[in-house]
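J.: The structure under discussion is supplied below as structure tokens; questions concerning it will follow.
The values are calculated or read from the model by the stated rules, or taken from the named source; none is laboratory data. Computed from a prediction, not measured in an experiment: that's the story for all the values here. With ideal geometry, Cβ positions are generated from the backbone for all residues, glycine too; neighbour counts draw on all protein chains shown.
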Amino acid sequence: MPSPPTASTDFIPPHVRARLKDLQLIARQAAGVQGFGLHRSASRGAGLEFSQYRAYEPGDELRQVDWKLYARSDRFFVREAERDSPLDVWLLIDTTASMSQGDAARPGWSRLDAAKALAACLIELALRQGDRFGLAAIGNGKLRITGIGAGPRQRDRCLLELQGLVATGAWPDETRLRPLWEYVGARTLVVSLSDAFDEGVPRLAERLAAARREVLSVQLLTVEERDFPFHGGHRFRDPETGDELLSDGDSVREGFVARFAAARAALASRLAASGIRHVEYVLDEPLDLPLRRLFKAKAGA
Amino acid sequence: MTLSLLLPIGLAALAALLLPLLVHLARRSEERVIVFAALRWLQAAPQPRRKRRFEEHLLLLVRLLLLAALALLLAEPVLFGKPDRSPWVVVAPVVDPAAARRVIDGRLAQWHWLAQGFPAVDAAERPSVAAASTKPSFASLLRELDAMLPVDTPLTVVVPDVIDGADAERPMLTRRVDWRVVPSTSVSARVDAANHAAPAVMVRYAPDRAASLRYLRAAGVAWQATFPSSPAAASPASRVSVAPASQALDARTRNLVWLVPGPLPAAVRDWIVAGGTALLDAQAAVPELANAAVVWRDDGGPLARGARLGRGRIVRLERDLLPAAMPGLLEADFPAQLQRLFADPMPAPGRVNAMAYAPRVGAAPYAETPRPLAPWLAALIAALFIIERWLADGPRRRSAS
């Protein structure tokens, strides 16, 4: 399918785009709804993959009757096949102020930039598989939704929306998030791209998972949060609350790294308990690594 | 090689080393705010105030080096001693260098001409031998070379068997010189015939000096008889040409008798400065001749005083050019005496046998000229400054954006 050069070239570096070729969006639950796609669906019908025989019921098409089986058993059976259906993919992007944080070693590459690039990668994958996708940006007390759809025009619409995202403000309360439930239907794939520092993020993921949405979570971390490479006294400021803290890098490094690792492990186990696949992505890692961790293992099985 | 400082008080600028130390003690990193969203897992632990620590060690080191180099530059460091100790061979310009190379094994040596500037033998043209009047004397060149070379550099001098332009004294140098005499092909046999020719004289006189003219004319006739072979003999009238003072001077004639009292007109003075020789009247007022040397005397006292004026000469008579004042005017040798006044002074004898002119050893050693280190230090300072700017700007600009 010929696609004009769009803004997506800004998000995905060429070498990452080349490595996307062997990746595939795979949902664990059968989630296809209508039409023909790549994903197993709950609905049975005409198709290529044999599923089961069932007894003939009035109204079935005669050409679906297995006549050879009728010859053996003298009863009418209907061949049923699994229908492969397209998937609905929702991308939840955290645009709170903490997403604007980047590393001093690589300015111009913030958490939000990485989230945009990952979202663009997922959109490319979904477009290639014929899946439908939508975008929800949550931040600054608001919810911005780009409705679900398929095809290159939907891709361009989503990339245009991605271009305009700015990381400010705090996570909205639950009443503001209520419209999300009208868009994100059951049996859809929801990918959350966030730093998950706000309590609202894992809670939303848990509620979505409890409501039979398949939720994937990518936690975006900076290199400074992983390594804490500060020496001497520094003034640290939380971008969302505005709190400031004066601290000596060398003396608090070990305590911070240990506490932060424990918090991440607690988050991972909490999400795993809800059946949410959770991966971490540190900003100096290759862009396709979290996608590979989420989807590649499944592709082999 | 020894290093020394011409202005050691410049090292007081080393006190400026305190500045970067103080700058690096100030904790500017605490002033910069770091955005850090994972703040709730971070402990507050301010840096202890007691412990003084320097930040950005590499930048501090470069800044200290930069200031130290600047202080050293103010102290004007110089380096004594020249690393180049290769022997020197100097060749007098009249000697053929090929002949000199046959008698001297000087393959490792530096070959130079014994001429002004000491140009290298292979690179430069042979210095002109003819310009003898303007070039410095032989001994002067030797002394200059002796002062210029480091103390223990071996020196070989190649000279012709007859040296032109020698001083009255054997040169005295600080070092032993390998004195090689090479038979020279061309010794300039300059015969100065000009002093033996009859002078052509023009006479300019004031009306009241007309009585003196007959003695000058008589001298001219006498010269004609004395120097019959001179080329000017064909036209006897031109030997002594007499004209009133108002007539302009002839630029081609080199000799003038100016029998006019009072100060010299500017035209006459210019003519003398341009290279003429003038015999002035006793009443001529010339300030340059106040205490000049006596060039002609008889039993009664000085008859004429002379001095140089520009490129020419002036000679003033002390008495009137009349037999009553100057009895010698009537003597038979007056024309010869007059001719001697106009003749160029004989050059001092300057030709000597080279073997007899070998330099002696024993002059007080010269103070060595130190080499200034300022250019190298300036280049080092520039490099340090570039490194300092790069270190100070690069990482900070990256973290700021």
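J.: Given the structure, is A:GLU254 more than 7 Å from every other protein chain (Cβ to nearest Cβ), of a type in the set (Asp, Glu) and under 27 Å from A:GLY139 (Cβ atoms)?
T.: Answer is no for this residue.
J.: Another question about this same structure. Quick one: which residue in A:TRP171, A:TRP181 is within 22 Å of A:GLY102 (Cα to Cα) and either of a type in the set (Lys, Arg) or at pLDDT 90 or above (or both)?
T.: The unique qualifying residue is A:TRP171.
J.: Identify the residue in segment B:239-262 that is touching a helix residue (DSSP H, G or I) at 6+ places or on another chain (Cβ under 6 Å) and not in a strand (DSSP E or B) and, among all such residues, is modelled with the highest pLDDT.
T.: It comes out as B:LEU249.
J.: One residue is enough: does segment B:54-67 have a residue meeting the conditions of a type in the set (Phe, Trp, Tyr), at pLDDT 85 or above, within 29 Å of A:PRO107 (Cβ to Cβ) and not in a strand (DSSP E or B)?
T.: No, because not a single residue in segment B:54-67 is of a type in the set (Phe, Trp, Tyr), at pLDDT 85 or above, within 29 Å of A:PRO107 (Cβ to Cβ) and not in a strand (DSSP E or B).
J.: In segment A:232-243, is there at least one residue being assigned by TED's automatic domain parsing to the domain that holds A:LEU289, in a strand (DSSP E or B) and either touching a residue at least 24 places away in the same chain (Cβ under 8 Å) or under 17 Å from the mean Cα position of the chain (by Cα) (or both)?
T.: Checked segment A:232-243: no residue is assigned by TED's automatic domain parsing to the domain that holds A:LEU289, in a strand (DSSP E or B) and either touching a residue at least 24 places away in the same chain (Cβ under 8 Å) or under 17 Å from the mean Cα position of the chain (by Cα) (or both).
J.: Now for a different question. Every residue in segment A:155-180 that is without any contact (Cβ under 8 Å) to a residue 24 or more places away in the chain and in a helix (DSSP H, G or I), please.
T.: Once the filter is applied, which keeps residues that are without any contact (Cβ under 8 Å) to a residue 24 or more places away in the chain and in a helix (DSSP H, G or I), segment A:155-180 yields A:ARG157, A:ARG178.
J.: Could you list, in sequence order, the residues of segment A:250-265 that are surrounded by 16 or more Cβ atoms within 10 Å (Cβ to Cβ) and within 31 Å of the chain's Cα centre (by Cα)?
T.: Selection gives A:PHE256, A:ARG259, A:PHE260, A:ARG264.
J.: Let me ask something else. When you scan segment B:101-115, do you find a residue that is charged (D, E, K, R), modelled with pLDDT under 70 and under 16 Å from B:PRO160 (Cβ atoms), even just one?
T.: So far as segment B:101-115 goes, no, none of its residues is charged (D, E, K, R), modelled with pLDDT under 70 and under 16 Å from B:PRO160 (Cβ atoms).
J.: Give the residues of segment B:205-238 that are over 23 Å from B:ASP333 (Cα atoms) and modelled with pLDDT of 85 or more, sorted by residue number.
T.: Listed by number, the residues that qualify are B:TYR205, B:ALA206, B:PRO207, B:ASP208.
J.: Hey, could you check segment A:94-120 for residues that are outside any helix (DSSP H, G or I) and without any contact (Cβ under 8 Å) to a residue 40 or more places away in the chain and say which is nearest to the other protein chains (Cβ to nearest Cβ)?
T.: Only one residue fits best here, namely A:PRO107.
J.: Now for a separate question. If I ask for residues that are more than 9 Å from every other protein chain (Cβ to nearest Cβ) and surrounded by fewer than 20 Cβ atoms within 10 Å (Cβ to Cβ), which ones from segment A:218-249 would you list?
T.: A:VAL223, A:ARG226, A:ASP227, A:PRO229, A:GLY242
J.: Among the listed residues A:LEU283, A:LEU291, A:LEU193, identify the single one that is surrounded by 16 or more Cβ atoms within 10 Å (Cβ to Cβ), more than 10 Å from every other protein chain (Cβ to nearest Cβ), of a type in the set (A, V, I, L, M) and touching a Cys at 6+ places or on another chain (Cβ under 8 Å).
T.: A:LEU291
J.: Further question: Do the conditions hold for A:LEU91, that is, is it over 30 Å from A:ARG157 (Cβ atoms), modelled with pLDDT of 85 or more and either under 25 Å from the mean Cα position of the chain (by Cα) or not in a strand (DSSP E or B) (or both)?
T.: Judged against the criteria, A:LEU91 is not a match.
J.: Test each condition in (1) within 17 Å of the chain's Cα centre (by Cα); (2) surrounded by fewer than 20 Cβ atoms within 10 Å (Cβ to Cβ); (3) within 14 Å of chain B (Cβ to nearest Cβ) for A:ALA268 and report the one that comes out false.
T.: (3)
J.: Something else now. Is it the case that segment A:170-177 has a residue that's hydroxyl-bearing (Ser, Thr, Tyr) and either touching a strand residue (DSSP E or B) at 6+ places or on another chain (Cβ under 8 Å) or not assigned by TED's automatic domain parsing to the domain that holds A:LEU25 (or both)?
T.: No, every residue in segment A:170-177 fails to be hydroxyl-bearing (Ser, Thr, Tyr) and either touching a strand residue (DSSP E or B) at 6+ places or on another chain (Cβ under 8 Å) or not assigned by TED's automatic domain parsing to the domain that holds A:LEU25 (or both).
J.: Kindly list the number of the only condition in (1) surrounded by 15 or more Cβ atoms within 10 Å (Cβ to Cβ); (2) at pLDDT 80 or above that fails for B:PRO265.
T.: Failing condition for B:PRO265: (1).
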